[in-house]
Amino acid sequence: TREDLFRLDPELLAQVLNADRLGMDDGHLVVADMAWLGDGEIVVAGWFDGRLAAQRDVSPMGATSAGGLDAFVARLASDGSVRWMKRAGGTGDDIARGVAASIDPSGSTSIAITGAISDGAVFGQGE
């Protein structure tokens, strides 16, 4: 079974756009929170097991769980395309429950996630 998250239009929260999807090749996906960045962009955070994939026109993007549940955060552009996504986790369960985002006057974006991690969680190569 494939579970997908479709980007919601910020002006019409109930409408679903099919421009791009963040979903599962296999496994399960939970989107726990979402934050608006302005200009129609959003950041989503949650957890998954299996393989998380972004269907993109340019280059495919994906992440495989290191074991158990892994946290993720992804930024979606106003046209629905997945700009980027990051995975964090280890062999235990690691989840993102909340996300907050802001853009300062210079255009720099700050994103913070909350959640829970297990021993050995990795947030990127060398971290």
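The values are calculated or read from the model by the stated rules, or taken from the named source; none is laboratory data. What you see is a predicted model, and the numbers here were worked out from it, not measured in a lab. Calculation scope for accessible area: heavy atoms of the full protein, side chains included, ligands and nucleic acids excluded. Shrake-Rupley method; radii C 1.70, N 1.55, O 1.52, S 1.80 Å.
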Search result, residues across the stretch 87-127 that are at pLDDT 90 or above, closer than 17 Å to Ala63 by Cα and not in a loop (DSSP other than H, G, I, E, B): Arg87, Ala88, Gly89, Ile95, Ala96
Qualifying residue in the stretch 93-109 (condition: more than 13 Å from the chain's Cα centre (by Cα) and open to solvent by less than 20 Å² (accessible area, probe 1.4 Å)): yes
Any hit, the stretch 18-38, residues being more than 29 Å from Ile117 (Cα to Cα) and modelled with pLDDT of 50 or more: yes
Leading residue by the ranking (nearest to Phe123 (Cα to Cα)) among those in the stretch 54-86 that are charged (D, E, K, R) and in a loop (DSSP other than H, G, I, E, B): Arg56
